[in-house]
Amino acid sequence: MIHIASIQRDLLALLDALRLDQAHRCGGPLRLTALPTGARISGCEVRVANFPAGLGAMLTIAGAGARHMTITLEYAEGIVGSRTEGNRMVGDRPAHLDPQLGQLELLGVPKGHLIATFAWPSRGFSEADAVTVLGGRGSPPT
């Protein structure tokens, strides 16, 4: 004989153990090797609906208070880089800063766009912070 109360209790225990509000690993093609001092990775999204023809990944970096920055990788077989020359350098690689959007794009990513959005609406981080993340120099993520 099946006891409904026992099944419900077991299901409630399982649901309580299942944590959909936090991730311990984010499987995707984007790995950060440095963060601004005091920052941490606070979110991750990976979109694979068009895989292998395309995929997207977005990491959210949080700082003190309400500061946050997003790092977005968009990859598609059909993407051709719209820019070949940057107006900034990130290490030895060209990058393009759009000061109005508060975005820094690392150029030369085959079939992709790798962009750090650090200003409005992602307030509180600077261009130097975006360079740290895209260039991989600074505090390693924890």
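Considering region 102-140, and only residues there that are within 20 Å of A66 (Cβ to Cβ), modelled with pLDDT under 90 and not hydroxyl-bearing (S, T, Y), the residue that is surrounded by the most Cβ atoms within 10 Å (Cβ to Cβ) turns out to be A119.
Here's a check for you: in region 29-43, which residue that is small (G, A, S) and assigned to a loop (DSSP other than H, G, I, E, B) is farthest from I115 (Cα to Cα)? The extreme case among them is G38. (1) farther than 20 Å from R137 by Cα; (2) out of contact with any Lys or Arg (no Cβ under 8 Å at 6 or more places or on another chain): which one isn't true of E77, the others all being true? Every condition holds for E77 apart from (2). For A119, the test of being more than 17 Å from L32 (Cβ to Cβ) and of a type in the set (A, V, I, L, M) is passed. Of all residues in region 42-54, those satisfying the criterion of being under 8 Å from the mean Cα position of the chain (by Cα) and either open to solvent by 50 Å² or more (accessible area, probe 1.4 Å) or among the basic types (K, R) (or both) are C44, E45.
Scanning region 55-93 for residues that are buried (at least 17 other Cβ atoms within 10 Å of the Cβ) and farther than 15 Å from D129 by Cβ yields L55, G56, A57, M58, T72, L73, E74, Y75, G86.
The values are calculated or read from the model by the stated rules, or taken from the named source; none is laboratory data. Since we're looking at a predicted model, the values are computed, not measured. Note that we place each Cβ from the backbone using ideal geometry, even for glycine, and neighbour counts take in every protein chain shown. Keep in mind that these areas ignore ligands, DNA and RNA; they rest on the heavy atoms of the full protein, side chains included. Shrake-Rupley method; radii C 1.70, N 1.55, O 1.52, S 1.80 Å.
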